[in-house]
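FYI, it's all coordinate maths here, none of it is from the lab. This one's a predicted model, so the numbers in the text were calculated from it and none came from an experiment. Positions of Cβ are backbone-derived with ideal geometry, glycine not excepted, and every protein chain shown enters the neighbour counts.
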Amino acid sequence: MSGRLRSLASWLSSRLWRAVPGRDRPAPLSLPQDEWPHQQPTEWWYLVGQLDATDRGPAQHLGFELTIARVADPLVARLGGWAAVFSFIDPARGRYRVAERRLWPPLDPVQRKTDPPSLRFQIGDGEALARAEDWVLDGLSGHWHLRARLPTGEGVDLDLKTTRPAALFGKQGVVDYGDREAMAWMAWTRIAATGTAYDGEMVRPVQGLCWMDHQWGAPWLDGYVWKVCSVHLDSGHDVLAFAMVDRAGQRVTARCALIHPDGRVDEVGPEGVHLQDQGPALRVDAAEYRPGTRLQSAHHKLDLTIRPLLLDQRKRTDDRLQAFPIWWEGACEASGLLAGVLVRGRSFVEIAGLE
């Protein structure tokens, strides 16, 4: 497609997307009400974790990522109904496994239970009947249970409990992306995980830390590339930082939030954060992913270097018609300075919009 035709298609798609019903700016957040699904064109729950095996098995460090998403307009977003993508990371053995599941209307994975109050997602593979191998995320208000397993055998079965309140980013939980675009964004940044992991060969007792974002809204993000870094530091602090650039590499917006051990959120806008890409690079056709990152925030006296545990953690499944766009999402390690003190930590980095 020529540049002119591509620009015209993008312009028409943006006009259609902006006309989607329910595409209003999200209202300021209120908990626990906003833990439930919303009548917005786009919404997702995003859960990542790095785990330590407590037995003497082969690989002692493992990771996972689960995204559950609902998009209302399949013509624009390439996704109708619901979909989920789950990945399992085994850095010591150089393994990264990923699979996707979809539910098309009228099937709906969401079950609301009121006694006690909870929210349950049960994602099969387009099946109306619940199956034992379905991916399940069940819970509310900082207490969840996760069960997910790949066809190749890797997976997790975890009890999750937050150790601090949900953080609301932006202005009362609404983050501006520029050009009047916005999304609601809340996160449980430090979740203790215990349970078991399946590394494809054996069942492993594990424990670790997780992070879960819940976002909704209807921003038009086509044509932009963004990098998001979430970090657990051994000081007890958590960090969220992201930067968005256009296709020409010009920065559109950026933010950095430091979450203190007591749950306080200290956040700065574009002028207060700098994310610098670092090598090595993963090149796939015209896309070049550089998950290595130097994250700096003078306001927070923060200077971190983030490095991937595996270079190839690109979310490309074996499905010919993948519902999710392709992006890089992977487990990383972090080290650097916070207020002049040496810190280390674990991180996840997301790079989207390149493919």
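Taking θ as phi - 60° and the Karplus parameters 6.51, -1.76 and 1.60, the scalar couplings of the range 309-322 work out to 6, 9, 6, 9, 10, 8, 7, 10, 8, 7, 5, 5, 10, 6 Hz in sequence order, x denoting glycine and proline.
Ordering Tyr198, Leu209, Tyr177 by Cα displacement along the dipole of the range 39-352 toward the positive end leaves Leu209 in first place; charges were set at the Cβ atoms of Lys, Arg (+1) and Asp, Glu (-1).
Straight-distance candidates among the lysines for linking to Lys161, with alpha-carbon spacing under 24 Å and chain neighbours fewer than 8 residues away dropped: Lys113. In order along the range 246-252, the Karplus-derived 3J(HN,Hα) couplings, from 6.51 cos²θ - 1.76 cosθ + 1.60 at θ = phi - 60°, round to 8, 5, 7, x, 7, 5, 9 Hz, and Gly and Pro are given as x.
Tell me, what is the FRET efficiency for Arg131 and Arg320 to the nearest 0.05, using R0 = 25 angstrom and their Cβ-Cβ distance as r? Efficiency, from the Cβ-Cβ distance: 0.60. Straight-line reach from Lys227: taking Cα to Cα under 14 Å and skipping same-chain neighbours fewer than 8 places apart, the aspartates and glutamates in range are Asp246, Asp277, Glu288, Glu329, Glu350, Glu355.
Here the chain is assigned +1 on the Cβ of each Lys and Arg and -1 on the Cβ of each Asp and Glu. Its dipole about the Cα centre then comes out at about 580 debye.
Sparsely packed loop sites in the range 160-221 (the trypsin sites (Lys or Arg not before Pro) outside DSSP H, G, I, E and B with at most 13 other Cβ atoms within 10 Å) comprise Arg180.
Determine the sum of side-chain charges near Ala167: Lys and Arg each +1, Asp and Glu each -1, restricted to other residues whose C-beta is under 14 angstrom from that of Ala167.
Computed value for this residue: -2.
Once Cα extents along the principal axes in Å is calculated for the structure shown, the corresponding label among (1) 63, 47, 40; (2) 57, 47, 38; (3) 58, 55, 43 turns out to be (3). Modelled spin-label separation between Gln172 and Asp115, with each label point placed 7 Å from Cα along the Cα-to-Cβ direction: 3.5 nm. Evaluated on the range 276-348, the Kirkwood hydrodynamic radius is 13.7 Å, with distances taken between all distinct Cα atoms.
Specify whether the C-alpha gyration tensor of the range 73-227 places it in the rounded, prolate or oblate class, a ≥ b ≥ c being the square roots of the eigenvalues: rounded for a/c under 1.5, otherwise prolate if a/b is larger than b/c and oblate if not. Note, shape of the range 73-227 comes out rounded. Label-to-label distance for Ala92 and Asp312 is 2.2 nm, based on points extended 7 Å past Cα in the beta-carbon direction.
With the chain treated as a Gaussian network of Cα nodes joined by springs under 10 Å, which of Ala92, Ala27, Ala248 yields the largest mean-square fluctuation? The residue with the greatest mean-square fluctuation here is Ala248. Arranged from fewest to most other beta-carbon atoms within 10 Å of their beta carbon, Arg255, Arg307, Arg290 become Arg307, Arg290, Arg255.
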